[in-house]
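J.: Pasting a structure here, questions to come.
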Amino acid sequence: MIEHVGDDAALYALGALDDAQRDACDLHASACPACAVLLGQACDDVTAMVEADGVPAAPLRAKTLPRAGLGAFWPALAAVILVALLPASLLYRQNASVTAQLAQEDAMVARLASSDHRTAKFGPMPGGHSARVMYGPTGSWYVVMVKGTRKPMQVAWMHDGEKTMLGTTRSLGEVAMLYLPQSHRMEKLALMDGNEVVAEANLAY
Amino acid sequence: MADGDGNRDLATAFAARERWAFEEAYRQFAGLLYAAAYNVLGEAEDARDAVHDALARVWRSPGAYTPARGALKSFLTVCVRNEAITRARSQNRRTRLAVRLAAEPVEYEELRIGDPIESDRLRIALAALPEEIRRPLELAYYDQMTHVEIARALDAPLGTIKSRIANGLRRLGAAMRHA
């Protein structure tokens, strides 16, 4: 049996221990009230993080949602754009075929598997349009997607009171997008129509 | 406190393996448990399986939970999250991705409706931590890396990483409670 849980309580609650180490903590805590309390406190802290992270609306409802909803389309399409595999216009509302193509490409799957991503919304978007950016947690890539307009929009990095123009979205049917390989974290992006900033997104890392 | 979610009776009955308590715990915490699994696995069916398997394991193991372990809600959340992490680690990454993408699509917006104020609290609390403490904590929580992997990734001694993660989680928890 381990001596006392100590710092392992946090690792236990975060899932940073392997199964055997977790079992050892459980066994020890069953006979050590102080360590049981320590584990409980660490579990409270991680639970607070999970709660803050967001709770799905309806776990059972998700399965009944229609196929190829636009929401599911975003990550699949962004993934494909990342490796520039297919003309994106063919992918709209074809999530299943995208999936099949993805599965056939080892290199791409490897890239996707290792590509954890985050998203941020641009707001406020005018005229019922919506836009978001998906990006790598290290700032190595960004995909800006604008739904509901074919009009090209400029994307700028807002920093230190300045705007650095990054590129222009390209229309792919009902969606326009821009893939931006980068080497640094950008914390604020703007969508621009000419010289006018129409929406901004704050990116958290 | 036996149960931080204010339900000592439920925690006690759960520890005594009364069936109603199991059902009630599931009813009360299903959304949170699903979120804990989904946030790790990113796939609805897999997340549901992880919740089921974790709860079944707890239920099959007499003494797994006692009120001394603190809030039942937190205990179950961590059990489910750990189950999800174990699954994620054991699955072939390629297979996991293929399954994820081939799965019945779910509405992204429907799945991520976290309270923006709560999310901001977490982000702000994390941002307030010094980099050397925040980074290992982020790698543990968001990337589900083991402490050994984190130590290797950050090129730091294992003991240092362990104490930084523990320190970071304590500070983060305190900051979120008092925010």
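J.: How many partner chain Cβ atoms sit within 10 Å of a residue's Cβ in peptide B:21-33, on average, as a whole number?
T.: 1
J.: May I ask for the net charge around A:V197, where only other residues with Cβ less than 12 Å from the Cβ of A:V197 are counted and Lys, Arg are +1 while Asp, Glu are -1?
T.: Around A:V197, the surrounding residues sum to -1.
J.: Report, ordered by chain and residue number, the lysines lying within cross-link reach of A:K151, taken as a straight Cα distance under 24 Å and ignoring same-chain residues fewer than 8 apart.
T.: List returned: A:K121, A:K163, A:K188.
J.: Go through the stretch A:185-198 residue by residue and turn each phi into a ³J(HN,Hα) via Karplus (6.51, -1.76, 1.60, θ = phi - 60°); whole Hz please, and just put x for glycine and proline.
T.: Values per residue, Gly and Pro as x: 7, 10, 8, 9, 10, 10, 9, 10, 10, x, 8, 9, 6, 9 Hz.
J.: Sort A:E187, B:E83 by Cβ crowding within 10 Å, fewest neighbours at the top.
T.: A:E187, B:E83
J.: Tell me, in nm to one decimal, what length is gained between A:D19 and A:T164 on full extension, where the rule is 0.36 nm per residue of separation less the Cα-Cα distance?
T.: Full extension of this stretch gives 47.4 nm more.
J.: Shifting gears a bit: Is the shape of the stretch A:8-53 rounded, prolate or oblate, going by the alpha carbon gyration tensor and its root eigenvalues a ≥ b ≥ c, with a/c under 1.5 for rounded and a/b larger than b/c for prolate?
T.: oblate
J.: Please sort B:134-145, B:59-70, B:7-18, A:9-20 by packing, taking for each peptide the average over its residues of neighbouring beta carbons within 10 angstrom, highest first.
T.: Result, highest mean first: A:9-20, B:134-145, B:7-18, B:59-70.
J.: Students often check this: by mean Cβ neighbours within 10 Å, which of B:167-174, A:162-169 ranks highest, and how do the rest follow?
T.: Highest mean packing first, the order is B:167-174, A:162-169.
J.: Let me ask you something else. Provide the convex hull volume over Cα atoms per residue for the stretch B:114-179, in Å³.
T.: Considering the Cα atoms of the stretch B:114-179, their hull volume per residue is 72 Å³.
Each value in this text was obtained by applying a stated rule to the coordinates, not by laboratory testing. Quick caveat, the model's predicted, so the values are computed rather than measured. Glycine also receives a Cβ, built like all others from the backbone with ideal geometry; neighbour counts cover every protein chain displayed.
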